[in-house]
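The next block holds one structure in the form of C-alpha cells; read it before the comments.
Every number in this text was worked out from the coordinates using simple rules, so none of it is lab data. On a predicted model such as this, the values are computed, not experimentally measured, just so you know. Cβ coordinates were reconstructed from backbone atoms using ideal geometry, including for glycine residues, and neighbour counts include every protein chain displayed.
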Amino acid sequence: MSEFAHRFVQTNGIRMHYVEAGQGPTVLLCHGFPESWYSWRHQIRALAAAGFRVIAPDLRGYGQSDRPTAAEDYDIFQLTGDLVGLLNALGEHPVVIAGHDWGAWVTQYAAMLRPDLFRAVVLLSVPFLPRGPISPSEWERQQYPGKIFYQQIFRAPGSERIFEADVRGMLLNILYYASGEPAPAMRWNYVTDPKAPPPVTPPAPQPAWLRDEDLDFFTAEFKRSGFAGPLNYYRNVDRNWSLTPFLDGARILQPTLFVAGERDVVMEFWKAEFDAMDTNLPRLSKKVVLPGVGHWTQQERPDEVSRLMIEFLGHLK
C-alpha cells in the first residue's frame with residue numbers, strides 16, 4: 001500500500017487518520033463495521049487511476065483515529081461533524097461521498113444534513129433508511145417478537161469483550177459467514193430465538209476474496225482500537241432517531257448510486273427500504289444487485305464495484 005499517503009487531521013475535537021491517493025475531483029469513502037479505510041483498498045487504487053482524489057478515513061473509534069470513551073460521542077451528529085471538519089481542513093467541497101454498511105448510514109445523514117458539501121452519493125449494502133415513525137429498537141420488537149435482533153446484542157453493555165476475546169477468529173467468522181460464500185443454511189442469522197438451543201457454527205474458512213495479509217491487517221487494527229467505539233455506533237441508533245424528528249419525510253436529493261449483494265442478509269431485513277428507494281431517492285441513478293455477493297460488497301467484487309462507481313462519477317456534472 002506504499003502508493004497511499006497516510007495523514008492525520010484535527011476535526012470535531014478528535015484526531016482522525018485518513019488515507020489519500022490520486023488527483024482530481026474528490027471522493028470520500030466511509031467504511032463500515034467491523035472494517036477500516038482498508039476495506040476500500042481496491043477502490044482507492046481504481047478511482048485514483050481514473051483521475052479522482054480519494055480520501056478514505058478511519059472513522060471515529062476505528063484504526064488510528066481517536067476513540068472517545070462516552071457512548072454519546074458516537075451519535076450521528078458527531079459522526080457527520082467529523083466528516084465536515086475533515087473536508088473543511090482539506091479545503092475540499094463539494095465532494096462525492098460513498099459509504100458501506102455503517103458508512104452508508106453516516107453517508108445518508110451527511111447528504112441530508114449538508115447537501116452543500118456532498119454533491120453526490122454512493123450507498124453500498126445498506127439502502128436509504130428514512131426516519132420511521134417508531135424508534136429502531138421498537139421496530140426490532142415489532143418485527144421480531146420474542147426474538148433477538150443482532151443489533152440488540154451489539155448494543156448490550158460490555159459486548160465488546162465478546163469480540164475482543166479472539167479478535168482474529170471473530171473477524172474471520174464475521175467476514176466469512178456474512179459473505180456470499182457460505183451455503184444458504186450456513187449464512188449469518190441476524191435473528192436468534194432465546195428459547196432455542198444455541199446454534200453450532202463451525203470455524204470459518206478464509207473466504208477466497210480475503211488474503212492472509214488482509215486478515216492480518218484487520219486483526220492488528222482491532223487489537224489496537226478494540227471494539228467499544230465501533231459498537232457505540234449501534235448504541236446510538238435510538239438516540240439518533242430521537243435527535244432527528246426534523247428529518248421526517250426527508251429524502252436524498254443528490255444523484256445516487258446503490259450497489260448491494262444478492263446474498264447480503266441486509267437485503268432481507270431492509271427489503272422494504274430497498275424497494276422504496278425508487279421513490280425516496282428522486283435522483284437514483286442506478287440500483288444494482290450483484291449475483292453471488294454477500295455483505296462485503298466492495299471487497300467481494302472489487303472490480304465490478306469500482307467500475308460502477310467510476311461510471312457513475314463520470315456522468316456527474
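Pairs of lysine residues in region 5-314 that meet both criteria, 8 or more places apart or on different chains and Cα atoms under 30 Å apart, total 5.
Other residues with beta-carbon under 15 Å from the beta-carbon of E92 carry, at +1 per Lys or Arg and -1 per Asp or Glu, a net charge of +1. Across the chain, Cα pairs under 8 Å and at least six residues apart give a relative contact order of 21 percent. Charge tally around A120: other residues with Cβ under 11 Å, Lys/Arg +1 each, Asp/Glu -1 each, net +3. In sequence order, region 203-209 has phi-based couplings of x, 6, x, 7, x, 5, 8 Hz under the Karplus curve 6.51 cos²θ - 1.76 cosθ + 1.60, θ = phi - 60°, and Gly or Pro positions carry x.
Phi-derived couplings, Karplus 6.51 cos²θ - 1.76 cosθ + 1.60 at θ = phi - 60°, listed residue by residue for region 184-198: x, 5, 9, 5, 3, 9, 7, 10, 10, 9, x, 8, 8, x, x Hz, with x used for Gly and Pro. Shape of region 5-314 from the C-alpha gyration tensor: rounded (a/c under 1.5, with a ≥ b ≥ c the square roots of its eigenvalues).
Summary of the geometry: region 48-124 and region 144-194, compared by the centres of their Cα atoms, lie 26 Å apart. With r defined as the distance between the Cβ atoms of E3 and E138 and R0 fixed at 45 Å, what FRET efficiency is calculated, to the nearest 0.05? That pair, E3 with E138, gives E of 0.45. From helices alone, the chain scores -10500 deg cm²/dmol at 222 nm; the rule is -39500 (n - 2.57) for each run of n ≥ 4 DSSP H residues, then divide by the residue total.
Treating each Cα of region 1-56 as one equal point scatterer and applying the Debye formula with no solvent, the log10 of I(q)/I(0) at q = 0.13, 0.17, 0.25 Å⁻¹ comes out as -0.31, -0.52, -1.02. Over the Cα atoms of region 28-175, the radius of gyration divided by the Kirkwood radius equals 0.98; this is the Rg/Rh ratio. Here the ratio of the Cα radius of gyration of region 183-299 to 2.2 N^0.38 Å is 1.34.
Amide H contacts of T26 (H built 1.01 Å from N, in plane; Pro and chain starts excluded): R53, V96 sit under 5 Å, all sequence-distant by 5 or more or on other chains.
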